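What follows is one structure encoded as structure tokens, with my remarks underneath.
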Amino acid sequence: MLNVDAAWREKLEARFQKLLPYQIGSRGQLLEYYTEFKEVPPRHNTSPYFPLFPSDQITPRGTPKLAAGEQKLLEERGRPSGGWPSAWIACCWARLVKEKRPTISFRD
């Protein structure tokens, strides 16, 4: 975080520590919520990908099990539908170092 307001930063960091940790579900996918729910298609929500991209909370090298969970979630849900979600999904595949997947997101 920016080193502009130390008190605000400390307050945010304390709240961040209270968040529940990321978890892996029964299918190997990253859980979107604190517990596993039955999936109801279609799922167009891109928020579960935020820790992978644009954030760096989940990375293939730093958190390989969580990165594998994100990959599983992308495989299950990350079908290109055009527009912003496809661009975001392409960036997620690139972050996972899956060279061919980002271009597939734009071609389909």
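Would you order Tyr22, Tyr33 from fewest to most other beta-carbon atoms within 10 Å of each residue's own beta-carbon? The partial results should precede the final answer.
Details: Tyr22 17, Tyr33 10.
Fewest-to-most Cβ neighbours within 10 Å comes out as Tyr33, Tyr22.
Arrange the following residues from fewest to most other Cβ atoms within 10 Å of their Cβ: Thr46, Thr35.
Numbers: Thr46 17, Thr35 8.
Going from sparsest to densest Cβ surroundings: Thr35, Thr46.
Considering the convex hull of the alpha carbon atoms of the stretch 6-107, report its projected area averaged over all viewing directions, in nm², one decimal.
One quarter of the hull surface, i.e. the mean projection, equals 7.5 nm².
Only the coordinates and a few stated rules stand behind these numbers; no lab work does. It should be emphasised that the depicted structure is a prediction, and the values quoted were computed from it without experimental measurement. Glycine gets a Cβ as well: all are built from the backbone with ideal geometry, and neighbour counts include every protein chain shown.
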